[in-house]
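Below: the structure, in structure tokens.
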Amino acid sequence: MKVAIISTFDTFFDRVDLLKEYYQDKGLEVTVITSDYSHRLKEKYQNNKADIQLSVRPYNKNLSIDRLRSHDQFAKKVKEYLETLRPEIVHCIIPCNSLCKTMSEYKKEHDVKLIFDVNDLWPESLPVGNIKHRFPFTLWKNTRDKYIEHADMILSECDYFKEILHKEHSSKWHTLHFAKKMHPSNTVSTFTLEEFSFCYLGSINNIIDIDLIVAFLSACTKLRKVKLHIIGGGEKKELLIEQLRQNSILVIDHGYIFEQEKKQEILDQCQYGFNVMKDSVMVGLTMKSMDYMCGGLPMINTIKGDTAKICDEYSVGYNLTKDSISEIVSLLEKETIDENRQKRETIKKVFMENFSQEAFNKTLERLEIV
């Protein structure tokens with residue numbers, strides 16, 4: 001039996017890898033299809049994890065007609081390729097939203113099991129204010145909403161997406177959380193109470209609430225020296241660093257680090273990790289939260305839905321708002337090393353039970369996806 005896994009973007013390939021391994025372990029023949037344009041790098045690239053890369057037109061801006069045209073071109077080319085491949089199962093990562101239309105058309109024309117796997121909500125998760133309710137954003141959204149229910153099964157990487165789309169009670173919709181192949185390490189935290197030490201891991205871009213991070217860390221400086229470790233890059237990184245230095249906050253910029261052991265050495269030096277996006281961004285889980293949880297680092301969090309519930313229910317982080325800065329800073333001042341280490345052990349368990357490869361496969365088995 002043939003399975004086609006379709007993902008427009010390189011940013012979703014942690015999930016693609018897990019799916020491919022699961023299907024192959026079931027004895028299925030898997031073909032991974034993607035585009036030849038990196039959304040992250042904004043350039044043509046070679047993806048060694050894909051079996052097929054379809055050529056698409058480039059785009060330079062995330063919010064542009066060129067981007068929509070590129071996605072539409074990819075969706076049409078995928079449909080054409082499937083006519084040759086003829087898979088029995090099509091597992092399609094959404095976005096891009098154009099795939100909802102073309103894959104629904106393909107299902108109508110062929111005897112195939114169609115699975116839509118929602119990993120992001122566009123335009124809902126974009127920080128563009130009320131213009132997301134205007135053309136062409138409405139067309140973008142409606143393309144998804146009109147066709148997505150044609151699938152046999154719809155997966156969501158978090159519960160929060162189902163709430164936003166009012167699908168909590170739909171028999172077709174199921175949550176398949178983000179997951180990572182890695183396991184937590186047995187390292188011990190090395191921070192001291194002489195200073196506040198935090199970490200920011202990932203891309204610092206236009207959806208990150210830089211003002212809130214700066215305000216929070218500036219409040220911390222009134223009690224202790226403050227240090228922020230940055231692992232990653234992004235077009236707004238220099239802006240964040242400059243604002244922090246203006247507020248007497250020490251920044252240690254590690255740049256890009258991909259090796260888990262090297263990242264772990266930095267996470268062990270910190271008390272909390274920032275998982276802070278703008279309030280308008282509709283996201284329930286982030287890949288950075290997976291790294292924090294696996295690394296045993298509690299979170300300062302603004303993400304709604306699933307992540308906010310985890311921080312509250314398991315006491316492994318604080319849900320930050322502008323109005324709660326003083327309260328949270330006060331709680332951090334009183335927190336002991338032993339209390340922080342207990343949170344670290346708890347958050348590792350949360351990761352293994354909900355976001356590990358074992359948890360991912362267990363969900364797929366329960367859903368009888370094959």
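The values are calculated or read from the model by the stated rules, or taken from the named source; none is laboratory data. Because the structure is predicted, anything quoted here is derived from the model rather than measured. All Cβ positions, even for glycine, are placed from backbone atoms using ideal geometry, and neighbour counts span all protein chains on display. Note: areas computed on protein heavy atoms with side chains; ligands, DNA, RNA excluded. Shrake-Rupley method; radii C 1.70, N 1.55, O 1.52, S 1.80 Å.
Go over the candidates 77, 61 one by one and state the one that is of a type outside the set (A, V, I, L, M, F, W, C), open to solvent by 60 Å² or more (accessible area, probe 1.4 Å) and part of a loop (DSSP other than H, G, I, E, B). Before you say what the answer is, go through the steps one by one.
Details: 77 fails: part of a loop (DSSP other than H, G, I, E, B).
After applying the criteria, what remains is 61.
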Hey, could you check segment 204-235 for residues that are in a loop (DSSP other than H, G, I, E, B) and within 16 Å of residue 302 (Cβ to Cβ) and say which is most open to solvent (accessible area, probe 1.4 Å)? 206
Residue pairs qualifying under the 7 Å Cβ cut-off, at least six apart or on distinct chains, with the first in segment 39-66 being aromatic (Phe, Trp, Tyr) and the second being assigned to a helix (DSSP H, G or I) and modelled with pLDDT of 85 or more, are 59/66; 59/67; 59/70
Do we have residue 291 as touching a helix residue (DSSP H, G or I) at 6+ places or on another chain (Cβ under 9 Å), over 21 Å from residue 189 (Cβ atoms) and acidic (Asp, Glu) here? no
Taking the conditions exactly as written (crowded, with 17+ Cβ neighbours inside 10 Å, closer than 22 Å to residue 150 by Cβ, β-branched (Val, Ile, Thr) and more than 22 Å from the chain's Cα centre (by Cα)), does residue 56 satisfy them or not? no
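Test residue 272 against the stated conditions and say whether it is open to solvent by less than 70 Å² (accessible area, probe 1.4 Å) and in contact (Cβ under 8 Å) with a residue 24 or more places away in the chain. Reasoning before the result, please.
Details: open to solvent by less than 70 Å² (accessible area, probe 1.4 Å): yes; in contact (Cβ under 8 Å) with a residue 24 or more places away in the chain: yes.
Spelling it out, residue 272 is indeed open to solvent by less than 70 Å² (accessible area, probe 1.4 Å) and in contact (Cβ under 8 Å) with a residue 24 or more places away in the chain.
Every residue, every condition in (1) modelled with pLDDT of 95 or more; (2) of a type in the set (D, E, K, R); (3) within 20 Å of residue 309 (Cα to Cα), yes or no:
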position	(1), (2), (3)
133	no, no, no
138	no, no, no
145	no, yes, no
148	yes, no, no
153	yes, no, no
165	no, no, yes
169	no, no, yes
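For the subset of segment 334-370 comprising residues that are assigned to a helix (DSSP H, G or I) and among the acidic types (Asp, Glu), which member is farthest from residue 114 (Cα to Cα)?
Going residue by residue through segment 334-370, those that are assigned to a helix (DSSP H, G or I) are 334, 337-354, 357-367.
Those still in the list that are among the acidic types (Asp, Glu) too: 338-339, 345, 353, 358, 365.
Details: 338: 49, 339: 47, 345: 39, 353: 28, 358: 24, 365: 17 Å.
Taking the candidates together, the pick is 338.
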Considering only segment 323-340, state which residues are in contact (Cβ under 8 Å) with a residue 60 or more places away in the chain and surrounded by 12 or more Cβ atoms within 10 Å (Cβ to Cβ). 325, 328, 329, 332, 333, 335, 337, 340
All positions within segment 287-322 that are surrounded by fewer than 23 Cβ atoms within 10 Å (Cβ to Cβ), in contact with a Gly (Cβ under 9 Å, 6 or more places away or on another chain), not in a helix (DSSP H, G or I) and not basic (Lys, Arg): 305
